[in-house]
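Everything on this sheet refers to the single structure shown next.
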Amino acid sequence: MTTKSRRSVAMKVREERSTFLIAFFVGIASVAGSYASAGYTQAFIASPITSFLAWGMPDVVLRFAIVVLTGVGEHIGIEHLGQQANLLLALVFSTVLLASLVVPMLLIGRELNSTAASVVLAGSVTWLAITILTGAPGAAVGAGLASAFVVAVGALIAGFETAPDSTSTARRQVLGSVAAALGVGILGYMLGDGKSPQSTPEPASLRGSDEKIQELLAIADKRSLDVAGLKGLVSGDGFYEVDINNVNPAVDVSEWTLTVTGNVEQEVTYSYDDILSMDREYRFSTLRCVSDTLNGGEMDNDLWTGVPIMDLIDEANPQGEFVMLRAVDDYYEEFAVEALRDGFLAYGKNDGVLPRGHGYPARALIPGHWGEISVKWINEIQILDGPEKGFWEKRGWHGTGPVNTIAKLHAVNHLDNGKIQVGGHAYAGTRGIERVEVSVSGDDAWNTATLSEKLPAGTSTAGSKPPVRNAWRQWEFTYNPPSGEHTVTVRAVDGSGALQPQKQSDSPYPKGSTGWVTRTITP
Ligand SMILES: Nc1nc2c(c(=O)[nH]1)N[C@H]1C(S)=C(S)[C@@H](COP(=O)(O)O)O[C@H]1N2
Ligand SMILES: [Mo]
């Protein structure tokens, strides 16, 4: 082999490597461009990719990502860690996917010896791929332009030949695309951030909360125990959030409908306005995720505005005993129609419209059951003849049933008088909490804790079924600490007189955590 031909082989390798590098930076810029024109919505390339990852992932991985990582995140103070990990994966995946589509375009352009061809082909393939994946051609334009721009800048910089040395040409081309991708990335991040829907639009008919909401919130405020470091009876913005999405659905209410389908006499479809025009009712309702750890934070309570869900379903004259609730994010959960009797369709939360992350424009609330069947972004109520598996049941969970009884211990206060005050929330679904008991230092003496006064269930309008109570209560207990380190154990008795089971589960999977919460306290 001559020196010359050996040199050209080396050159080829270098060229090849630079093509891959440029394509990679084109990929990064395209993702940024997609974000710039779509914001954090479902038209953003990462959105279909995260769904694809979530739906295609083996059950164990999904469970790990959503449940375990989210739980770990809670403990170390990072919200939605599982979803963030999935998002990161989706961003990498999107970049690599787009880059690998751009490589052949760059090679064709080089073969044709035409920068213009590379630019146009790279831009077009990026636009096309994102259009196919998101179904949003308009929002894919930003990515197409970003892709073309990075290729063009790379070629332009490479064109400033100082010496006819193709090694430095390739290097300059790569550096040019790095710089372009960096610029597009920063610009894309800023533009996209401004585009992301931060809050849900406030429909005129819901603007400003009504008197009844103010009255009920005032009751909750008054009944909340005054314990430092303990959430009140209404969670508000701190309400936990669990779902399968990284990018929550951004629903346009003018296009959204809720339809009762399946085994019904006739299908009935409701628009957002149809539902808002029905008589408004209110519910204090607590949600707890089946993946919540024993003393975890995936349990909250709020005041919800909406209508009894059965009123909507009765219009269709349902003929089956089971129901599948379906949602805009393709989530679905099945359970017995019986549980719907006390179900609620909420479109408001405390003194505002239902937030996007909690299911805007409307969600189900099924009192006393694990949170997973309180389907958010609901768009279909399908009546079934027989049981079927829901999203989580297909993955081994048993999360459609009634909640376990739990008393949590979240506040520990060293009072000025030397006493120690402990407190938390207790919840047993529609069974209610009758009593909370506290044992100090594991002795057999069980002391009765002070409980917050029960919250009202909510309101009902003429002709509708009175609401069932489904709200947590707070508890508080103050004691003279023994000297040195000691433990405090807490347990609840539900409204049926049943004691919270002592048997500790290893993990919330598959039926929810069980056992008594114990904390070690140092005076
Ligand atoms: N459409 C949809 N609804 C959903 C989910 C989801 O992933 N998609 N997650 C469920 C789960 S597992 C829980 S615990 C509750 C949580 O409701 P929150 O996020 O308002 O607290 O929503 C439920 N509804
Ligand atoms: Mo959940």
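Measuring with a 1.4 Å probe in the full set of protein chains, what accessible area per residue, in whole Å², belongs to the chain?
Normalised by residue count, the accessible surface of the chain is 45 Å².
Rounded, prolate or oblate: which fits region 434-486, taking a ≥ b ≥ c as square roots of the Cα gyration tensor eigenvalues, rounded meaning a/c under 1.5, else prolate when a/b beats b/c?
Working: a/c = 5.62, a/b = 4.02, b/c = 1.40.
In terms of gyration-tensor shape, prolate.
Could you grab the relative contact order for the chain? Cα pairs under 8 Å, six or more apart, rounded to a whole percent.
Value for the chain: 13 percent.
Rounded if a/c is under 1.5, else prolate if a/b is larger than b/c, else oblate: which is region 111-192, with a ≥ b ≥ c the root eigenvalues of its Cα gyration tensor? Walk me through the intermediate numbers first.
Numbers: a/c = 3.66, a/b = 1.73, b/c = 2.12.
Oblate shape, in that a/c is at least 1.5 and b/c is the bigger or equal ratio.
Given labels modelled 7 Å from the Cα in the Cβ direction, how far is it in nm from residue 462 to residue 417?
Simple spin-label model gives 5.3 nm for this pair.
Alpha carbon centre of region 105-145 versus region 482-523: separation in Å?
58 Å
Bin width 10 Å, alpha-carbon pairs only: give the P(r) of the chain as whole percents, running from 0 to the bin holding the largest distance.
Final binned percentages: 4, 16, 22, 21, 15, 11, 7, 4, 1, 0.
Quick check: pseudo-label points 7 Å beyond the Cα along Cα→Cβ at residue 8 and residue 269, how many nm apart are they?
6.6 nm
Please name whichever of 32, 179, 401 sits farthest to the positive end of the charge dipole of the chain, dipole taken about the Cα centre and charges placed at Cβ: Lys and Arg +1, Asp and Glu -1.
179
So, in nm, how far is label residue 278 from label residue 321 when the simple model puts each one 7 Å beyond its Cα toward the Cβ?
So the label points at residue 278 and residue 321 sit 2.5 nm apart.
How large is the helix-only mean residue ellipticity at 222 nm for the chain, computed as the sum of -39500 (n - 2.57) over DSSP H runs with n ≥ 4, divided by its residue count, in deg cm²/dmol to the nearest 500?
Details: 11 runs with 184 residues, N = 523.
Theoretical 222 nm ellipticity from helices: -12000 deg cm²/dmol.
Quick one: helix 3-38 against the long Cα principal axis of the chain, what's the angle to the nearest 10°, folded into 0 to 90?
40 degrees
For region 368-523, what is the convex hull volume of the alpha-carbon atoms per residue, in Å³? Numbers along the way, then the final one.
Details: hull volume 26.6 nm³, N = 156.
For region 368-523, the hull spanned by Cα atoms encloses 170 Å³ per residue.
What does a probe at residue 189 reach in region 9-29, counting residues whose amide N is under 16 Å from the point 7 Å along Cα→Cβ?
28-29
When the chain is fully extended, how far beyond the present Cα-Cα distance does residue 84 get from residue 520, taking 0.36 nm per residue of separation? Each step should come with its number before you reach the end.
Values: separation 436, 0.36 × 436 = 156.96 nm, distance 3.19 nm.
Full-extension gain reported as 153.8 nm.
So if we plug the beta-carbon distance of residue 504 and residue 398 into 1/(1 + (r/R0)^6) with R0 = 22 Å, what FRET efficiency do we get, rounded to 0.05? Please report the intermediate quantities before stating the final value.
Numbers: r = 18 Å, r/R0 = 0.81.
It comes to 0.80.
Once region 391-437 is represented by equal point scatterers at the alpha-carbon sites, with solvent omitted, what log10 I(q)/I(0) does the Debye formula produce at q = 0.19, 0.20, 0.22 Å⁻¹?
After summing over all Cα pairs, the log10 values are -0.75, -0.78, -0.83.
Could you rank the peptides 40-49, 409-418 by their average count of other C-beta atoms within 10 Å per residue, with the highest value first?
Values: 40-49: 24.4, 409-418: 13.8.
So the order, starting with the most tightly packed, is 40-49, 409-418.
Where a ≥ b ≥ c are the square roots of the eigenvalues of the C-alpha gyration tensor, would you call region 461-512 rounded, which needs a/c under 1.5, or, failing that, prolate if a/b is larger than b/c, or oblate?
On the way: a/c = 3.31, a/b = 1.71, b/c = 1.93.
Note, shape of region 461-512 comes out oblate.
In whole percent, what relative contact order does region 397-523 give with Cα contacts below 8 Å and a gap of six or more residues?
Computed value for region 397-523: 31 percent relative contact order.
The values are calculated or read from the model by the stated rules, or taken from the named source; none is laboratory data. Since the model is a prediction, treat every value here as computed from it, not as a measurement. Glycine gets a Cβ as well: all are built from the backbone with ideal geometry, and neighbour counts include every protein chain shown. Heads up: the accessible areas ignore ligands, DNA and RNA and are worked out on the full protein's heavy atoms, side chains in. Shrake-Rupley method; radii C 1.70, N 1.55, O 1.52, S 1.80 Å.
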